[in-house]
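> I am attaching a structure below and will ask some questions about it afterwards.
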Amino acid sequence: MKIINRDPAHPVLGIRRVGGFNFGQQVGAGGFSVVFKERARCGWPVAVKVDSVRLRAGEYKNRFIDREAAVLSELDHPNIIKCLGHGKCFPRRIKSSEQRSDLAKVMSRDRRSFLALEYLGNYRKANEFVKGAADRVGSALFIIEKTALALAYLHDKGLIHADIKPDNIFVNGANVKVIDFASARPEGQRIEPETEYWVMGTRGYLSLSRLKHNPPTKADDLFALGMTAAELCLGDLWMEHFHLAAVGDKINGSNLPEPVKELLFRMIGVAGWTQFANAQELLEFIGRVRTTGV
């Protein structure tokens, strides 16, 4: 495996090309990619993301990894996972002990694109983090604020994340990272119905516009963040089975402080409230809510 370095100053990838990765344990998997914990020559852990073997058709191969690499290589924000580089996995012969390995199948078939990312070993998904927090609502507000900062940065660059949800927000104390930019794209870029609509975003966090397969917008990211905020504050909403009005009813019937209820109403645009116009407006409102001592 070779990595094309995108950050010459980084201590892990400090030279033009780095090889010699030792393939380690699988630490994550999405619908169409697999993430492994690897170790660079210097010994530092990194996360390597490759296409899942389920992407057999040539039209899908490398598509999402390459797009994510193109987006992440242009981003530098403390609340966005850092791309350390990307390159190609070169074919190799499978050993008998690896016959059932997803990675081995990927590596043996052909050259697959991969991403080297900072390893978030001590981080937890946002919904797991708030469950163990002494102040669930306060922790949720903190996470939403940091995620909104990442979205404000992304939106200023004319980009849409398009898959905001608790599983794509990782937390470690005061550190919050938004991950998984495979669906990210410039605002207004259409979704190809034949090949992309079924992997773009996650049902339960999609706005009505997204469900109609319209191009993702900044407002759609904010809506997804609103549904995420509701879940972090209230617990699992079984969102695939909830009508938006039912989510609003659950917020209204909860014992959340009134300023927090208004925040959630405005983020998803229910109960007669108009959705926030942009991430900066959302951040200003969160600031006012936090100053109330919630």
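The values are calculated or read from the model by the stated rules, or taken from the named source; none is laboratory data. Small disclaimer: the values here were computed from a predicted structure and weren't measured. Backbone-built Cβ (ideal geometry, glycine too); neighbour counts: all protein chains shown.
> Given the residues SER73, SER33, which is the only one that is modelled with pLDDT under 75, hydroxyl-bearing (Ser, Thr, Tyr), touching a strand residue (DSSP E or B) at 6+ places or on another chain (Cβ under 6 Å) and outside the structural domain of GLY173 (by TED's automatic domain parsing)?
From the options SER73, SER33, the qualifying one is SER33.
> Now, a different point. Sort through ARG136, ARG190, ARG185 and tell me the only one that's outside the structural domain of GLU68 (by TED's automatic domain parsing), under 19 Å from ARG67 (Cβ atoms) and surrounded by fewer than 18 Cβ atoms within 10 Å (Cβ to Cβ).
ARG190
> Is it fair to say ARG266 is within 25 Å of the chain's Cα centre (by Cα), surrounded by 21 or more Cβ atoms within 10 Å (Cβ to Cβ), of a type in the set (Lys, Arg) and in the same structural domain as SER139 (by TED's automatic domain parsing)?
Taking the combined requirement at face value, the residue does not satisfy it.
> So, one more: With the requirement that a residue be of a type in the set (A, V, I, L, M), at pLDDT below 85 and in a loop (DSSP other than H, G, I, E, B), what does segment 237-260 give you?
Matches in segment 237-260: LEU237 only.
> LYS177: surrounded by fewer than 22 Cβ atoms within 10 Å (Cβ to Cβ), assigned by TED's automatic domain parsing to the domain that holds LEU211 and under 20 Å from LYS82 (Cβ atoms), yes or no?
no
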